[in-house]
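Step one of this worksheet: look at the structure below.
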Amino acid sequence: MAFPAKYPSLNAMEMTDEAKQSLIRVLRVAFPHADFPDGPYVRTAEKILIAADEETWFRVALIQGLLSLDQLSDGDFCGLDDDSALKVLRRVESTEFFGFVRRTAVLNLYDDTEVWETLGYEGPSFDKGGYINRGFDDLDWLPEPRIVYPEDEPIPELGDGVMGARSGGFAGDESTNQPAPQRAEMGEVKK
């Protein structure tokens, strides 16, 4: 529940279209993905605005943060190139404004189905029976895993002291902080 601010003028603060465009630019610079279309960034900005409308504190932080960005960029944050815009964002990264934008964006930008399609994620599969029978290994951008080593290629050695290794075992193994069975000694207990 949003409580009214002490000063009614804060309740009446509205986001202008220019401020909304600045917010979208902040998202593009803070979360750069050349392949992402504009839609996910616009929808994430809208979710940030909805969250800001629900809490006066966040609304004030958002508006003040966007004003600060313009002040730090000579009045035109949207006109800056990506490197310059990133430098401006680095100057405000420890502010409440940037924390609010980052938290909200991380939860919403990467939960957008258009982003999923761009990244090749098929979405959650619990309601479809899981990934086992739905191609859990169908990622075409990863190399095929080697499950069985060819006969003529030696299996990599695990190293001395690894349980199950042919030459290792517990005897004389100093590679672990656990005592070997033969080193567990009990001293005499006296009352």
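The values are calculated or read from the model by the stated rules, or taken from the named source; none is laboratory data. It should be emphasised that the depicted structure is a prediction, and the values quoted were computed from it without experimental measurement. Every residue, glycine as well, gets a Cβ built from its backbone with ideal geometry; the counts of neighbours run over all protein chains shown. Keep in mind that these areas ignore ligands, DNA and RNA; they rest on the heavy atoms of the full protein, side chains included. Shrake-Rupley method; radii C 1.70, N 1.55, O 1.52, S 1.80 Å.
Observations, loosely collected:
- Listed by first and then second residue, the pairs linking a residue in region 98-110 that is of a type outside the set (Ser, Thr, Tyr) to a residue that is outside any helix (DSSP H, G or I) and surrounded by fewer than 20 Cβ atoms within 10 Å (Cβ to Cβ), with Cβ atoms under 6 Å apart and 6 or more places separating them unless they lie on different chains, are 109/31.
- Residue match in region 154-172 (condition: at pLDDT 75 or above, open to solvent by less than 80 Å² (accessible area, probe 1.4 Å) and farther than 19 Å from residue 41 by Cα): no
- Here residue 122 passes the criteria (1) open to solvent by less than 80 Å² (accessible area, probe 1.4 Å); (2) farther than 20 Å from residue 22 by Cα except the one numbered (1).
- Any hit, region 30-38, residues being surrounded by fewer than 19 Cβ atoms within 10 Å (Cβ to Cβ), at pLDDT 90 or above and within 14 Å of residue 97 (Cβ to Cβ): yes
- Residue 97 vs. criteria surrounded by 17 or more Cβ atoms within 10 Å (Cβ to Cβ), in a loop (DSSP other than H, G, I, E, B) and modelled with pLDDT of 90 or more: no
- Subset of region 39-94 (residues that are within 14 Å of residue 15 (Cβ to Cβ), open to solvent by 80 Å² or more (accessible area, probe 1.4 Å) and either within 19 Å of the chain's Cα centre (by Cα) or among the charged types (D, E, K, R) (or both)): 46, 47, 53, 54
- Residues that are closer than 18 Å to residue 33 by Cβ and assigned to a helix (DSSP H, G or I) within region 70-91 comprise 82, 83, 85, 86, 89, listed in sequence order.
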